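Participant: What follows is a single structure, and I will ask about it in a moment.
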Amino acid sequence: LFVLSVGVDQYAPGYPDLIFASVDASKLAEKLAAQEGKEYTRVYSKVLLNKEATKQSILAAFSGFPPMKPSDVLVLFFGGHGVRARNAGGTTEYYFVTSGSSPKTVVKQGLSWDDFAKPLGQARAGRVIMLLDACHSGAVSTGASNEKVASALSNKVGIVLASSSGNEYSFEDRAWGHGAFSKALLDGLNGGADFTKDNIIDWSELQLFVSTKVKELTRGGQNPMIPRLEEFSNFNFARVK
């Protein structure tokens, strides 16, 4: 299992600060790292938070992984702001907003999803899963809906589980200590998603649990979505014990 987990809270003054994106990224990576010796013989994990999460460092972290094989699984988590902006050629692209970016610099400093999809295409992991929690705040007027980003990326990446659909916001709450999406992921991996009680969490169980839990936490205000899920067969993702 290969895990690249990125979380950015610190955006001011360019964009509104968030609360739990870095916590979410850290805790998810920690939870997946604990799968070493369980579902996976080895887990390679890299975490980039706040000022560490520059465009260059994210791409470098990915390229620094050992070679992947078709039997391997790659998990990518992005927590922070996502925006749409016109690049130098006038084409609208989706960007993950790295720390220190502003609306004026996001095209140069932000991570273009298209740029990131290129190295992904060269990786040989048999399964690539992107967990996308990159549109937290309505205060970002150019916010790119997770649904549009997920649909665009699914053709290039593989499975994309987005924290919300349409133009919904992705909520955070101090009572949860996390964003709703990451809270649901962590609860699911802690055993909540083991519906069959066999100590194995397969992908169908996890995505069902996350979708249901997020709706419950937000009282229907946030609805995770997965484009093109029908094209992927089910598989064991994690073990509870």
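Every number here is computed from the coordinates shown, using simple stated rules; none is lab data. Everything quoted here is computed from the prediction, not taken from an experiment. Note that we place each Cβ from the backbone using ideal geometry, even for glycine, and neighbour counts take in every protein chain shown.
Participant: For the charge dipole of the chain, defined by +1 on Lys and Arg C-beta atoms and -1 on Asp and Glu C-beta atoms about the Cα centroid, which residue among Met130, Leu48, Leu189 has the Cα displaced farthest towards the positive pole?
Facilitator: Value computed over the given set: Leu48.
Participant: Would you mind checking which residues have amide H under 5 Å from Asp9's amide H? H placed 1.01 Å from N; only 5 or more apart, or other chain.
Facilitator: Amide H neighbours of Asp9, under 5 Å, 5+ apart: Ser22, Asn50.
Participant: Still on this structure: Search the structure for amide H atoms under 5 Å from the amide H of Ile201, placed 1.01 Å from N in the peptide plane, and list their residues when 5 or more places away or on another chain.
Facilitator: Those qualifying (amide H under 5 Å, at least 5 residues apart or on another chain) are Phe237, Ala238, Arg239, Val240.
Participant: Helix 203-217 against the longest principal axis of the chain: what's the angle in degrees, Cα atoms only, rounded to the nearest 10?
Facilitator: The answer is roughly 60 degrees.
Participant: Next question. Using a simple charge model, +1 on the beta-carbon of Lys and Arg, -1 on the beta-carbon of Asp and Glu, nothing else, what dipole does the chain show about its Cα centre, in debye to the nearest 20?
Facilitator: 460 debye
Participant: So if the hydrodynamic radius of the range 1-113 is defined as the Kirkwood radius over C-alpha pairs, what does Stokes-Einstein give as its diffusion coefficient at 10 °C and 1.306 mPa s, in µm² per second?
Facilitator: 107 µm²/s
Participant: Separate question: Roughly speaking, what is the stretch gain from Ala60 to Val107, that is 0.36 nm per residue apart minus the C-alpha to C-alpha distance, in nm to one decimal?
Facilitator: Separation in residues times 0.36 nm, less the Cα-Cα distance, equals 15.1 nm.
Participant: Count neighbours as other Cβ atoms within 10 Å of each site's Cβ, and list the trypsin sites (Lys or Arg not before Pro) in the range 66-124 that are DSSP loop with at most 10 such neighbours.
Facilitator: Answer in residue order: Lys104.
Participant: Out of residues 5 or more away from Ser165 or on other chains, whose amide H comes under 5 Å of its own, with H placed 1.01 Å from N in the peptide plane?
Facilitator: Asn223
Participant: Another question, then. Give a residue-ordered list of calculated ³J(HN,Hα) values for the range 177-188 (Karplus: 6.51 cos²θ - 1.76 cosθ + 1.60, θ = phi - 60°; whole Hz; x for Gly, Pro).
Facilitator: Whole-Hz 3J(HN,Hα) from phi for the range 177-188: x, 7, x, 4, 4, 5, 4, 5, 4, 5, 4, x.
Participant: Could you point to the residue in Val23, Asn199, Val97 farthest towards the positive end of the chain's charge dipole, with +1 and -1 charges on the Cβ of Lys/Arg and Asp/Glu respectively?
Facilitator: My answer, from the dipole projection, is Val97.
Participant: Restricting to lysines 8 or more places apart or on different chains, can you count the pairs in the range 40-114 with Cα atoms under 28 Å from each other?
Facilitator: So the count works out to 8.
Participant: Based on the Cβ-Cβ distance of Phe195 and Arg219, what FRET efficiency does E = 1/(1 + (r/R0)^6) give at R0 = 30 Å, to the nearest 0.05?
Facilitator: Between Phe195 and Arg219 the formula returns 0.85.
Participant: Can you tell me the orientation of helix 113-122 relative to the chain, as the angle in degrees between its alpha-carbon axis and the longest Cα principal axis, to the nearest 10?
Facilitator: The helix 113-122 is inclined about 40 degrees to the chain.
Participant: As a test, work out the antiparallel percent of DSSP beta bridges whose residues both lie in the chain, rounded to the nearest 5.
Facilitator: 35 percent
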